[in-house]
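Everything below concerns the one structure shown next.
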């Protein structure tokens, strides 16, 4: 098939695209429960979450749909995902969850250090055989663009934008860096999602066990079993009301709060505190935790986290809709630089995980908190269990705070070796 990126996609209606994604999502979920040997073998090599991610990417790459022109990602990520965060945290046991903080924090810092050190080392390596890939002068100096990526890989897109103002790469160079950031972030997410299905094998390599993680999961599952019931109409509407009421309240607070901070404390922009969505994620998570101490926690028995999981799965398909496999081929040089850099990030985390015997859960969530941010980190955490979503959010918040500092240090180091 010849891919024509500039031609009109076959399907342009968002409601039709949404219908396709939902049907595919339901089909994958149904077939995972089948006893057929072929189906089981298929899902062993192609885990369900990975399929939910790649199928929309294939539709986008083959120009059946256009992720760029579709509004689905904007709608799902801005409305459904925050609503899901409220439902995920509604029944969380914070006392048990707090036990996960030490190893999670160490793994996150290991990933950040891997990015900071990996940047200049990558330039040195690539410079030895393809100096043009990491060369340039003035505003076209590649290290300037890579410094913005470093901020994104420690914190998020807000940090990338902030460091763009600090190092001021040319617009063309910055556009290339956005492509690099997107390609590697998507690839890393796919790798981590695949690893979730191989959790036990990876834990053996790390000489770790999921004792602490399992404690949270088992308490959550025990609570679900003890309170599980068929929801009546009032409970179903209450779940929807809590989810979208919480999301609406978050935006009601976040919008004027950001306006106030921008007007009175513009210096806080370096901490990503002028990002509306940052505050929406924080408020939704906090609201869910607060509600977990109220009688509304009983909505978990009526299926609150299951509704949240539906929102999460829709978000995975929406993220996949942004993936363009052709862009990987067209940006081979940038991809090589990014892959080498990613290896340093992963290597630092692997070494620390082996030393402290951290289970794969901490590796995956911390790795995605670095390269993906709050949304993707909560997605990875929820892939292990919905009750663990707040871990991803908390680590990503740490990334937002450290992203500008880490990216700045990495930028100076890359300038030094260039």
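Every residue in the range 284-295 that is under 17 Å from the mean Cα position of the chain (by Cα) and either farther than 17 Å from residue 244 by Cβ or at pLDDT below 85 (or both), please.
285 - this is the single residue of the range 284-295 that is under 17 Å from the mean Cα position of the chain (by Cα) and either farther than 17 Å from residue 244 by Cβ or at pLDDT below 85 (or both).
Residue check: is residue 312 under 17 Å from residue 393 (Cα atoms) and either in contact with a strand residue (DSSP E or B) (Cβ under 6 Å, 6 or more places away or on another chain) or not in a helix (DSSP H, G or I) (or both)? Spelling it out, it is not the case that residue 312 is under 17 Å from residue 393 (Cα atoms) and either in contact with a strand residue (DSSP E or B) (Cβ under 6 Å, 6 or more places away or on another chain) or not in a helix (DSSP H, G or I) (or both).
Of all residues in the range 404-415 being touching a residue at least 40 places away in the same chain (Cβ under 8 Å) and either more than 14 Å from residue 145 (Cα to Cα) or under 24 Å from the mean Cα position of the chain (by Cα) (or both), which is surrounded by the most Cβ atoms within 10 Å (Cβ to Cβ)? Filtering first and then ranking leaves 407.
Cβ separations smaller than 6 Å between residues 6+ apart or across chains give the following pairs from the range 255-269 residues that are over 21 Å from residue 284 (Cα atoms) to residues that are at pLDDT below 90: 262/274. Of the residues examined, residue 363 is one that is touching a residue at least 24 places away in the same chain (Cβ under 8 Å), assigned to a helix (DSSP H, G or I) and surrounded by 24 or more Cβ atoms within 10 Å (Cβ to Cβ).
Checking each residue in the range 293-305 for being surrounded by 18 or more Cβ atoms within 10 Å (Cβ to Cβ) and part of a loop (DSSP other than H, G, I, E, B) picks out only 303. Name the residues in the range 82-95 that are assigned to a helix (DSSP H, G or I), crowded, with 21+ Cβ neighbours inside 10 Å and either more than 15 Å from the chain's Cα centre (by Cα) or at pLDDT below 80 (or both), would you? The answer is 83, 86, 87, 88, 89.
Residue 281 falls short of the stated requirement of being at pLDDT 90 or above, assigned to a helix (DSSP H, G or I) and either in contact with a strand residue (DSSP E or B) (Cβ under 8 Å, 6 or more places away or on another chain) or within 15 Å of residue 79 (Cα to Cα) (or both).
Sort through 44, 79 and tell me the only one that's part of a helix (DSSP H, G or I) and at pLDDT below 85.
The unique qualifying residue is 44.
Could you tell me which residue of the range 208-228 is surrounded by the most Cβ atoms within 10 Å (Cβ to Cβ), considering only residues that are in contact with a helix residue (DSSP H, G or I) (Cβ under 8 Å, 6 or more places away or on another chain) and over 12 Å from residue 91 (Cβ atoms)? The qualifying residue surrounded by the most Cβ atoms within 10 Å (Cβ to Cβ) is 213. Scanning the range 175-185 for residues being surrounded by fewer than 20 Cβ atoms within 10 Å (Cβ to Cβ) and either touching a strand residue (DSSP E or B) at 6+ places or on another chain (Cβ under 6 Å) or under 11 Å from residue 149 (Cβ atoms) (or both) gives a total of 4.
Just one residue in the set 375, 328, 401 is in a helix (DSSP H, G or I), at pLDDT below 90, touching a helix residue (DSSP H, G or I) at 6+ places or on another chain (Cβ under 9 Å) and surrounded by 20 or more Cβ atoms within 10 Å (Cβ to Cβ); that residue is 375.
The values are calculated or read from the model by the stated rules, or taken from the named source; none is laboratory data. Bear in mind that the values here come from a model prediction, so they are computed numbers and not experimental data. Using ideal geometry, Cβ is built from the backbone for each residue, glycine included, and neighbour counts are taken over all protein chains shown.
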